[in-house]
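Here is the structure we will look at, set down as structure tokens.
The values are calculated or read from the model by the stated rules, or taken from the named source; none is laboratory data. Remember, predicted model here, so these are calculated numbers, not experimental data. Here the Cβ is made from the backbone with ideal geometry for all residues, glycine too, and neighbour counts use every protein chain on show. Just so you know, the surface numbers come from the protein's heavy atoms only, side chains and all, with ligands and any DNA or RNA stripped out. Shrake-Rupley method; radii C 1.70, N 1.55, O 1.52, S 1.80 Å.
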Amino acid sequence: MQTGLRSFAARWLGAWVNELNAATCRADALAGLLGAVLVLPQAIAFAALVGVPPAMGLATAVLPCAVAALAGSSRFVLSGPTNATSLALGAMLLPLAGPDPARLVVLAVAVTLLVGLMQLALAFARLGALANFISPTVMLGFTSGAALLIAWYALAAMLGAGGRDTPVQALQQGLSWPALAIGGLTLAVALLARKVWLRGPTPLIALAAGGLLGAWLEHRGHAALRLGTPPGAWLGWQLPAIDWALLPQLLPMALALTIIALGQAMSIGKFLATRTGERLDANRECRGQGLANLAGALTGCFVACGSLNRSLPNLEAGARTPLAGVSAALWLLGLVAVAGPLLAWIPLAGVGALLLLAAASLIDPAGWRRLWRLDRREAAVAGVTAVATLVLRLEVAVLAGVMLSLVAYLYRTARPAMRTMGFDRQRHGRPFVVLDDAGPAALPECPQLKLLRMEGSIWFGAVPHVADQLRSLRQRPPVQRHLLVMSKSMNFIDLAAADLWDDERLRRREIGGDLYFHRPRPQVLATWQATGFIGRLGADHVFADKRSAIAQIVPQLDDGICARCSVRLFEECSERPGAPLSPMI
């Protein structure tokens, strides 16, 4: 019976169920404790970033974390509130909610429901792999811009402001030196603790130090803003209230958050998979994230996704199965239940200090330097996305970044390389070389036969570029009337590309030459067969190797030109008119 139950659970949850024993459960429980300690201060800080009560952030780290762990693909990803999604959610909803905090809560839950439904739709349509099209370049630009926005609002909290006031508004209201002292101490303790205890719960330690200073200052008559009401971590089951009149405005926000959340979760899952060797199923992970947000919306949470600064410690703490995520959720419930009265003393300035650290962790200078060094075009995409994050509505910035990244990719693929091939005179056997790179070491080209290597797929967007290059080859004197295309690296063609090659066949024959192909890929051949191109070209114009191609093409060349030719590039030239008595090769 127990074996049957395990088999049933393994079919729905994953093969890890069969590995459960006392040792794995003990390891998962200990890793979960660390996860709960780490997320407790972060959940409060990220709730402040959204502009909702702390209890909502804590609840987002409970049921969504457990559901994502059990239903997702990665064993080690811990989901819950994160800095980027929290900032994006708050920034998107603030114009709609206005000054009403209760309305902001309702809208946050409604958007979370829409995000969960979108993620589930992608998973059930087997489109989870679309998350792979979210460029790391866009995520780099977005997270960098988000980091600056988070730091801006965090600085306001450290100056004594409440809600989502800016530093300028905080200074206009009057500088709060108690808040500045609490924020400064929290920041200093966090930085010092991070050096002394690298993998410890440094945010919690720093927040405790700030809370003690806040309590002492309040006792001395110098109060600073604090949470006040002891927060809980379970808000109960509730149906989200959706204002259907706002649905057209909420849908693009939910789409942008879906992109951000899936991009983060997938990148974290891939990163951990490279460390552990596990296989990441994109559709399953997408389903897990969708169910987590759906469950979160039904329990009063805001958008959850994978968190690297909790997932990596989870792995390093010895987590063995997804039960570590369930354990983290249960530990958090217990910690909040026990320490609730103490949490009420957490100062908002201390929360601002933690957000400032979270913002700093989002900046990736090494990533920017690497991108600038390797690909300036991609660096420009990241830069535009970062600036857009600062000056546009965040949903517009994210979608614009994704579109810009796709446009940059399409532009690159629309210009496939077309390289002239020839022979190396200095190496034995005269192997084929790219003449563009060979320089004086290469032999001159045959005046009648052009050897061309295609590198990359040809689709309708690439057809104009390829057509221009082919036209230039036909018009450049001396005209090489015959063209042998080495098409092993031409991975894909569409119907527009098939028509392009059919047109090139006609143009070559009009000038007295012909068109030939060497080793086209099976997919390319299938397209040519389906369009009838092979029949019009001639099956004898497609060759499996270069030697047989040249052996059959050279006898078709113009005898008069061969008689005057001094290049004599091929072995077969020894049998052509004007050849010397002894062959050159």
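Find how much the distance from ARG11 to ARG26 grows on full extension, using 0.36 nm per residue of separation minus their present alpha carbon separation; answer in nm with one decimal.
Using 0.36 nm per residue and subtracting the Cα-Cα distance, I get 3.1 nm.
Can you pull the semi-axes for segment 180-337, root of five times each eigenvalue of the Cα gyration tensor, sorted largest first, whole Å?
Details: eigenvalues 209, 124, 48 Å².
The answer is 32, 25, 16 Å, longest axis first.
What nm value, rounded to one decimal, do you get for the distance between MET403 and THR276 when each label is placed 7 Å out toward the C-beta?
According to this spin-label approximation, the distance is 3.8 nm.
Based on alpha-carbon atoms only, what is the radius of gyration of segment 301-457 relative to the globular estimate 2.2 N^0.38 Å? Numbers along the way, then the final one.
On the way: Rg = 27.8 Å, N = 157, 2.2 N^0.38 = 15.0 Å.
With N residues counted in segment 301-457, Rg over 2.2 N^0.38 Å equals 1.85.
Would you mind putting 198-211, 466-479 in packing order, based on average other-beta-carbon counts within 10 Å, highest first?
Peptide ranking by packing, descending: 198-211, 466-479.
Could you tell me the relative contact order of the chain? Use alpha-carbon pairs under 8 Å, at least six residues apart, and round to a whole percent.
Normalised by residue count, the contact order of the chain is 20 percent.
Which whole-number percentage describes the relative contact order of segment 476-585, with Cα contacts under 8 Å and a sequence gap of 6 or more?
With pairs under 8 Å counted, the relative contact order is 22 percent.
Per residue, how large is the accessible surface of the chain? Use a 1.4 angstrom probe and give square angstrom.
45
Mind checking which aspartates and glutamates have their C-alpha under 18 Å from LYS488, skipping anything on the same chain fewer than 8 residues away?
Partners within reach: GLU455, ASP540, ASP545.
Can you tell me the orientation of helix 247-276 relative to the chain, as the angle in degrees between its alpha-carbon axis and the longest Cα principal axis, to the nearest 10?
So the inclination is approximately 80 degrees.
What translational diffusion coefficient, to the nearest whole µm²/s, does segment 273-317 have by Stokes-Einstein, given a Kirkwood radius computed over alpha-carbon pairs, a temperature of 37 °C and 0.692 mPa s viscosity?
Estimated diffusion coefficient is 271 µm²/s.
Quick one: work out the % antiparallel among DSSP beta bridges in the chain, nearest 5.
Percent antiparallel among DSSP bridges in the chain is about 45.
Computed from the coordinates I sent, mean projected area of the Cα convex hull in nm² equals one of (i) 27.8; (ii) 35.8; (iii) 24.8. Tell me the label.
Read-out from the structure maps to (ii).
Given a cut-off of under 8 Å on Cα pairs at least six residues apart, what relative contact order in percent is computed for segment 59-131?
Working: 29 pairs, mean separation 12.5, N = 73.
Computed value for segment 59-131: 17 percent relative contact order.
How far is helix 522-531 tilted off the main Cα axis of the chain, in degrees rounded to 10, range 0 to 90?
Computed tilt is about 70 degrees.
Order the following by accessible area, largest value first: LYS488, LYS195. Probe radius 1.4 Å; ligands, DNA and RNA are ignored.
Most to least solvent-accessible, the answer reads LYS195, LYS488.
Could you tell me how many degrees, from 0 to 90 and to the nearest 10, lie between the Cα long axis of helix 22-50 and the main elongation axis, the longest principal axis, of the Cα atoms of the chain?
Approximately 80 degrees, to the nearest ten.
Just going by the charge dipole of the chain, with Lys and Arg at +1 and Asp and Glu at -1 on Cβ, which of VAL17, VAL111, GLY98 is farthest out on the positive end?
VAL17
Please report the spacing between the Cα centers of segment 175-206 and segment 309-332 in Å, no decimals.
Comparing the Cα centres of segment 175-206 and segment 309-332, I get a distance of 24 Å.
Per DSSP H run of at least 4 residues, take -39500 (n - 2.57); add these up for the chain, divide by its residues and hand me the 222 nm value, nearest 500 deg cm²/dmol.
Computed mean residue ellipticity for the chain: -20000 deg cm²/dmol.
Give me the Å³ per residue figure for the convex hull around the C-alpha atoms of segment 436-522.
Working: hull volume 8.8 nm³, N = 87.
Normalising the Cα hull of segment 436-522 by residue number yields 102 Å³.
Take the alpha-carbon centre of segment 334-371, take the same for segment 535-585, and report the distance between them in whole Å.
Result: 73 Å between the Cα centres.
Residues with amide H under 5 Å of MET486's amide H, sequence separation 5 or more or different chain, H placed in the peptide plane at 1.01 Å from N; which?
Close amide H contacts, sequence-distant or interchain: LEU452, ARG453, MET454, HIS518.
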